[in-house]
1. Applying the selection to the stretch 78-133, what residues are surrounded by 13 or more Cβ atoms within 10 Å (Cβ to Cβ), among the aromatic types (Phe, Trp, Tyr) and in contact (Cβ under 8 Å) with a residue 12 or more places away in the chain?
2. Which is at pLDDT 60 or above and within 23 Å of the chain's Cα centre (by Cα), of GLU132, GLU99, GLU127, GLU111?
Amino acid sequence: DDCGSCGTRTVLDADLGTGCYIFMVDGYASSEGTYEVVITCNSGSMLAPPSPPSPPSAPTCKAAVDLMLVLDGSGSIGSSGPDVQDFARQVIAAFELGETFAKVGIVMFAETATLLAPLTVDENILEAAIGEYR
């Protein structure tokens, strides 16, 4: 629809269902001049759809285990050190730490093995050991 001298023209007038949609628009011009392009949706705003909810986290394992993480500290890891550290944190977070639950220790190996943390239930000791990795 051309609305004459108002300077806007409807270029999309359709019911796309509930919610808002983001459109890429380059602009609109004619021999009569430049027109502003206005796109509206059912709610009258151009908000992006809400982000999907985060997946639920897995429940922690409450098994009575002694777990030693053996982390590769050799040159073959390259620049993946931060990924290995994140992995170690995720593995530790999957367990309930406690004297009657899980105890975790960390060893790093390259040419030789280095004990970074003995079996412990202390998250601070484990985090410090992960920080020493590489």
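The values are calculated or read from the model by the stated rules, or taken from the named source; none is laboratory data. These numbers were taken from a predicted model, which means no experiment stands behind them. As a convention, Cβ positions derive from the backbone with ideal geometry for all residues, glycine included, and neighbour counts pool all protein chains shown.
1. PHE95, PHE101, TYR133
2. GLU127 is the lone residue from the list that is at pLDDT 60 or above and within 23 Å of the chain's Cα centre (by Cα).
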